[in-house]
Ligand code: PAF
């Protein structure tokens, strides 16, 4: 495994790989890797000849300065995990390498990026589109792998590659969960032991809501989920929306879409957790 920090060097390595007709798979990350990331790396390895993983905490997607400053940076540990997982190239650039000058691009992806996370975290998806497009230009992957925990992010990235005509296949991979159902996230380590015990209520309620949904309206399912989670002290639903899984538009009736997905964000104490479920 090679660890590379310059775009030029990375491009040189990958150009040599492509001369042998090799397919390049790519997993973009912000580091602090867990089993969810490693499942993406595994899938990437299975479906490509070369596996590239980027580790870069992207400043432009943080709308909260404190969140950016305190984001865990564990490159040595991440590299050790990636080596074991069979990654070929770790791309770990500096901020100066990725942003030699400010990125002034402003994207408009319509509803896909305007609702849910987009409405609550102004500028977040614009920053994601900036960095992921730059990473795609650097790596030029055949396929790129993203976890479905960040369900809306995948829709934004699909819209971005379509708009910028970047020839890459976006592969959405299932959420990896703890044994008690909690979706893996780099933020889980911030939960106190008590909050960690309570947090699986989110996944449990979403799962139960699928059974509950039979014969119920969309609004009844929303109320069921929100009321159950909010009934737990120290947990507060920021939003729960049932949307069309392609457009992210909220549905009023089940017949509005063939692909209904419930997307939730919950504060467990101060920790913001997200999850989703397909109906
Ligand atoms: O999902 C993430 O970790 C980040 O948003 C991504 C896609 C690596 C871009 O910085």
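Please treat every number below as a calculation from the coordinates, not as lab data. Since the model is a prediction, treat every value here as computed from it, not as a measurement. As a convention, Cβ positions derive from the backbone with ideal geometry for all residues, glycine included, and neighbour counts pool all protein chains shown.
So here's what we get for this one:
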read-out: Computed lengthening from residue 74 to residue 259, 0.36 nm per intervening residue step minus Cα-Cα distance; value: 62.9 nm
read-out: Cα shape, segment 152-222, gyration tensor, a/c 1.5 rule; value: oblate
read-out: Modelled label reach - residue 3, point 7 Å along Cα→Cβ, segment 54-71 residues with backbone N closer than 13 Å; value: 55-56
read-out: Sum of -39500 (n - 2.57) over DSSP H runs of 4+, divided by residues of the chain (222 nm, nearest 500); value: -12000 deg cm²/dmol
read-out: Rel. contact order, % - alpha carbon contacts under 8 angstrom, at least six apart, segment 64-193; value: 18 percent
read-out: Cβ-Cβ FRET estimate between residue 119 and residue 13, R0 fixed at 35 Å, reported to 0.05; value: 0.30
read-out: Between segment 1-73 and segment 208-243, the Cα center-to-center distance that results, in Å; value: 35 Å
read-out: FRET efficiency, residue 178 to residue 137 (Cβ-Cβ, R0 25 Å, nearest 0.05); value: 0.10
read-out: Ordering of 213-222, 49-58 by packing [mean C-beta count within 10 Å, highest first]; value: 49-58, 213-222
read-out: Cα long-axis angle, helix 7-19 against the chain (0 to 90 degrees, to the nearest 10); value: 80 degrees
read-out: 0 to 90° range, to nearest 10: angle between helix 151-164 axis and the chain longest Cα axis; value: 50 degrees
read-out: Shape of segment 221-262, Cα gyration tensor, a/c cut at 1.5; value: prolate
read-out: Volume in Å³ per residue [convex hull over Cα atoms, computed for the chain]; value: 132 Å³
read-out: Chain lengthening between residue 96 and residue 267 when straightened (0.36 nm per residue, less Cα-Cα); value: 58.2 nm
read-out: DSSP beta bridge pairing in the chain, given as percent antiparallel to the nearest 5; value: 50 percent
read-out: Rounded, prolate or oblate (a/c below 1.5 giving rounded, otherwise prolate when a/b exceeds b/c) for segment 166-272 by Cα gyration tensor; value: oblate
